[in-house]
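Colleague: Before I ask anything, here is the structure I am working with.
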Amino acid sequence: QVQLVESGGGLVQPGGSLRLSCAASERIFGTYTMGWYRQAPGKQRELVAAMTSSGSTNYADSVKGRFTISRDNAKNTVYLQMNSLKPEDTSVYYCNLYLVGRHYWGKGTLVTVSS
């Protein structure tokens, strides 16, 4: 079973940047989508950004132009570069893999944007 481990969260001031990483425990083959979701206290989990195995990307309107998803296949790792962070970006960020009809989730990493 594939395991996903996130890292890179932390406390950052408004306008700052962070890069999240999600390392998969094994190489992913076939057709899949990897992405990032976030969930703030009292809110539903929402999609932030996703990338398909063919390289297509999708972003939430609230992060377009500020966040960038990328991957390094050699390292089995997906990244989320977050720039111009806002207090409303404060959430637990979860890595997700959708493969052969199944969702895999990481345990999440907390991002706090505050002065």
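Colleague: Express in whole angstrom the spacing between the alpha-carbon centres of region 57-115 and region 23-44.
Modeller: 8
Colleague: In square nanometres and to one decimal, what's the mean projected area of the convex hull around the Cα atoms of the chain?
Modeller: Convex hull of Cα atoms, orientation-averaged projection: 6.8 nm².
Colleague: While we're on this one: Which percent of the accessible heavy-atom area of the chain goes to carbon and sulfur, probe 1.4 angstrom?
Modeller: 47
Colleague: Within region 1-106, list the GluC sites (Glu not before Pro) lying in a DSSP loop whose Cβ has at most 12 other Cβ atoms in a 10 Å radius.
Modeller: On the way: sites: GLU6, GLU26, GLU46, GLU88; in loops: GLU26.
Here the GluC sites (Glu not before Pro) that fit, given the DSSP loop and packing criteria, are GLU26.
Colleague: Express in nm, to one decimal, how much length is gained between GLN3 and LYS107 on full extension, taking 0.36 nm for each residue of separation and deducting their alpha carbon distance.
Modeller: Roughly 36.5 nm would be gained on extension.
Colleague: Also, quick follow-up: Evaluate the relative contact order of the chain (contact order divided by residue number), counting alpha-carbon pairs under 8 angstrom at least 6 apart; express in whole percent.
Modeller: 37
Colleague: With all distinct Cα pairs included, what does the Kirkwood hydrodynamic radius of region 1-64 come out to in Å, to one decimal, could you say? Mind dumping the intermediate values first?
Modeller: Values: mean 1/r = 0.0727 Å⁻¹.
So the Kirkwood estimate lands at 13.8 Å.
The values are calculated or read from the model by the stated rules, or taken from the named source; none is laboratory data. As the structure is a prediction and not an experimental result, all values here were calculated from the model. Cβ atoms come from the backbone with ideal geometry, glycine included; neighbour counts cover every protein chain shown. Accessible surface is based on the protein model in full, side chains and every heavy atom, while ligands, DNA and RNA are left aside. Shrake-Rupley method; radii C 1.70, N 1.55, O 1.52, S 1.80 Å.
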